[in-house]
1. What FRET efficiency would be calculated for the residue pair R185, H275, taking the C-beta separation as r and a Förster radius of 25 Å, to the nearest 0.05?
2. So for each of 53-63, 165-175, 308-318, 28-38 I average, over its residues, the number of other beta carbons within 10 Å; can you give me the resulting order with the highest mean first?
3. In segment 285-315, which residues have a backbone nitrogen under 14 Å from the label point lying 7 Å from R325's Cα in the Cα-to-Cβ direction?
4. Using only the alpha-carbon atoms, how far is helix 264-291 inclined from the longest principal axis of the chain? Give it as 0 to 90 degrees, nearest 10.
5. Output ³J(HN,Hα) for segment 76-83: one whole-Hz value per residue in order, computed from phi by the Karplus curve 6.51 cos²θ - 1.76 cosθ + 1.60 with θ = phi - 60°, and x for Gly and Pro.
6. Based on the Cβ-Cβ distance of R222 and R2, what FRET efficiency does E = 1/(1 + (r/R0)^6) give at R0 = 56 Å, to the nearest 0.05?
7. Simple spin-label model, 7 Å along Cα-to-Cβ: L289 to A14 in nm?
8. Going through segment 238-306, which GluC sites (Glu not before Pro) have at most 12 other Cβ atoms within 10 Å and a DSSP loop state?
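Read-outs: derived from the displayed coordinates by stated rules, not from any lab. In this text the structure is predicted, and so the values were computed from the model without any measurement. Cβ placement follows ideal geometry from the backbone for every residue including glycine, while neighbour counts extend to all protein chains displayed.
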Amino acid sequence: MRFDIPQLTQGIRAGDRRALSRAITLIESARDDHRDLALHLLDALGQDRQALRIGLSGTPGVGKSTFIESFGLMLTGQGMRVAVLAVDPSSARSGGSILGDKTRMDHLARDPRAFIRPSPSQTQLGGVARRTRDAVRLCEAAGFEVVLIETVGVGQSETMVAQMADLFVLLLAPAGGDELQGVKRGIMEMADLVLVNKADGDLKAQAMRTCADYAGALRLLRKRAQDRDGFPLAMTVSALDGAGLAQAWDRMQELVAWRRDTGVLAATRADQARHWFREDLRTEMLALLTRDPELQARMADLEAAVAAGRMTPALAARAALAPLRDD
Ligand code: GDP
């Protein structure tokens, strides 16, 4: 596949969704020459355009796709351009992607103001992280004002998405009884908004009770520097009939405006940039090491020694890098 960088740059800056798709294919490529082109492209695009990045998490079945469709259409209906990126490390296992199912978000997918990109099927979470970050930047360069980054509730991917989002939204379903649905505390602690979905019909009363339980649980969490008074908060929504979506959007905007005014948003983004720089550095260093045939052979030997219990992992890691040290 050939990629014309100046043409892609121009297409993306003009908001052309096909150019954007193609560019995402480029950044998802594992080929070294494609990686170089991707870095050029990202550099050429600059960082002057920024979107509101919203991380959205929830276990399968809580209504994420229904929510994204309704919420996305509400925003595009207000004239905004909305991109949806999915992060699903498990998709590598099933060989498909959670968005591969054509019936998901089909109204939004047909909306000219929207762009939906399924999860890359990558086995390594690290690879998914880099590709998703790059995809977010491409969407921003293409002029999307809101980028929704969707993830399935499996823990590690939430942390990763939270590290690239301005806002983190946790979607829940009404729970029976008074148990808190086994939501991991760590995930709760990342949430800015907890939305209890399906607050309609027979489920409405139950959704309201669940929401009150979560509001109580959120109050018990330690306050974070990025919390405006009253946040994190829990509210009910119905992705199906649209109830509460406008209110949820109002609260998101309120929180982001506050974070922008107080400098919290800029500080968070700076922290995130530092975090990803370190992550990328680690990945690049490892890639550099494994590219050297001699080091590669050495690492294979050491790995075998570790697996056989002849050496501790820590010592082997040291030994692997010994040729690079002059001490
Ligand atoms: P996902 O797996 O999280 O993406 O969940 P889906 O969006 O596919 O929704 C799972 C099921 O819940 C589907 O049958 C939806 O129709 C249903 N659902 C989603 N949102 C709502 C809602 O607001 N109210 C009701 N009653 N059902 C909903």
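1. It comes out at approximately 0.70.
2. By packing density, highest mean first, the sequence is 165-175, 53-63, 28-38, 308-318.
3. What the label zone holds, given the 14 Å backbone N cut-off, is 314-315.
4. Helix 264-291 and the main axis of the chain meet at about 30 degrees.
5. 5, x, 8, x, 7, 9, 10, 10
6. Between R222 and R2 the formula returns 0.60.
7. 4.6 nm
8. Here no loop site has a sparse enough neighbourhood.
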